[in-house]
Amino acid sequence: MSLVEQNKAILNRYMTAVNNHTVMDVLDLFADNFTDSSAPPGMPSGKEGFLAAHQVLETAFPDVRFTIDKVIAEGDKIGVVATGSGTNAGPFFGIPATGKTVTWWGVRLLRIENGKIAEAWGVFDQMGILQQMGVIPP
């Protein structure tokens, strides 16, 4: 299996766990020194930060699901463009639940080192989420 194929398998296992709400099952995918360079402010670093960020997401959108739209892989990097959706049934960074279903896009780039996710970057449509929640005007 090529390096790119191995990295795609890691990405697929990661995305499946996120969609199945079983991220605890994929902690072995992360390097001990994992860094999320785009973690939300106030989140712990490393694996703890990964878990904390997913806890925020799953609390706010308990039915959250992601659809992979595009995967680009080269060398030790793999990028994914995905569409997320979920019903806002819990607080989201201090904003009370609205009960509204929202859809957003996101981009995640992972650096894989020795078969483990060593570093991550990401951006997602925060403005679109807040507009669809009715928190800010369109």
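Throughout, read-outs are computed from the coordinates displayed, never taken from laboratory work. All of these numbers come straight from a predicted model, not from anything done at the bench. Methodologically, a virtual Cβ is constructed for each residue, glycine included, from the backbone with ideal geometry; neighbour enumeration extends over all protein chains shown.
Here are some notes:
- Test: residue in region 3-12 that is farther than 17 Å from Met127 by Cα, loosely packed, with under 13 Cβ neighbours inside 10 Å and of a type in the set (S, T, N, Q): no
- Just one of the listed residues (Thr67, Thr101, Thr83) is among the β-branched types (Val, Ile, Thr) and surrounded by fewer than 13 Cβ atoms within 10 Å (Cβ to Cβ), and it is Thr67.
- Filtering region 8-54 to residues that are closer than 25 Å to Ala89 by Cβ, part of a helix (DSSP H, G or I) and touching a helix residue (DSSP H, G or I) at 6+ places or on another chain (Cβ under 9 Å) leaves Tyr14, Thr16, Ala17, Val18, Val23, Met24, Asp25, Val26, Phe50, Leu51, His54.
- Some residue of region 117-129 being assigned to a strand (DSSP E or B), loosely packed, with under 14 Cβ neighbours inside 10 Å and either out of contact with any Leu (no Cβ under 6 Å at 6 or more places or on another chain) or of a type in the set (A, V, I, L, M, F, W, C) (or both): yes
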